[in-house]
Amino acid sequence: MTEYSVHNCPNCGAKLPQECRNGFYTCEYCGKSIRVEDIPPEDATNTDPSKVTLTLEYDADHYLIIPDMHLIIAGKTFTIKNHKPLSIVLDKGKYDLTFKSSIRKKKITLDIDGDASLQIGWNRVTGAIKVELAQNESVAYL
Ligand SMILES: [Zn+2]
């Protein structure tokens, strides 16, 4: 019986076999060879009840050149790519978030008591960074 790894094939999405030869996995379904280094890291999964997952989604479709969005939170800087949701696991609590992109900057403070999602985009009129909470009661926008 084949044992499967926790990874999925980036080509077809099937579970990859546990066995890895010379640094390559071979997908049983589509036959693709996948380098171990090419397997994307697992999403941050939160199993600790004292922690919360903050998911950030960036949408800048109406821009010709899409600048990366940077987030500074708890002394760490994260880069958020367009349409690539980023999950950060944090302790529950109050956080200052600074969003930065090109010459623009936006600061918000959140009191996070449960998993939360933020939608980040641009105000088309003013060109300012726009941050919105996606359906959340466990977060207070301070
Ligand atoms: Zn495959």
Legend entry - Verdict on LYS106 being assigned by TED's automatic domain parsing to the domain that holds GLY127 and in contact with an Asp or Glu (Cβ under 6 Å, 6 or more places away or on another chain): no
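Return the total of residues in segment 50-104 being assigned to a loop (DSSP other than H, G, I, E, B) and more than 22 Å from ARG124 (Cα to Cα). Give the steps one after another, and end with the answer.
First, the residues of segment 50-104 that are assigned to a loop (DSSP other than H, G, I, E, B): 50, 59-68, 74-75, 81-85, 92, 102-103.
Applying the additional criterion that residues be more than 22 Å from ARG124 (Cα to Cα) yields 50, 74-75, 92.
Residues that pass the stated criteria total 4.
Residues are listed down the side, and each one gets a yes or a no for (1) under 24 Å from THR55 (Cβ atoms); (2) within 8 Å of the ligand (Cβ to nearest atom); (3) at pLDDT 80 or above:
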| site | (1), (2), (3) |
| --- | --- |
| GLY13 | yes, yes, yes |
| LEU16 | no, yes, yes |
| GLU19 | no, no, yes |
| CYS27 | no, yes, yes |
| LYS32 | no, yes, yes |
| GLU37 | no, no, no |
Inset, instruction - Give segment 45-101 a look and list any residue that's farther than 20 Å from GLU132 by Cβ and of a type outside the set (S, T, N, Q), or say none. - result: ASP48, PRO49, LYS51, LEU64, ILE65, ALA74, GLY75, LYS76, VAL89, ASP91, LYS92, GLY93
Inset, instruction - Hey, can you tell me all the residues within segment 64-91 that are under 10 Å from the mean Cα position of the chain (by Cα) and of a type in the set (D, E, K, R)? - result: LYS81, LYS84
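The values are calculated or read from the model by the stated rules, or taken from the named source; none is laboratory data. Note that the coordinates shown come from a computational prediction; the quantities given were computed from them, not determined experimentally. Neighbour counts are summed over all protein chains in view; Cβ atoms, including those assigned to glycine, are modelled from backbone coordinates with ideal geometry.
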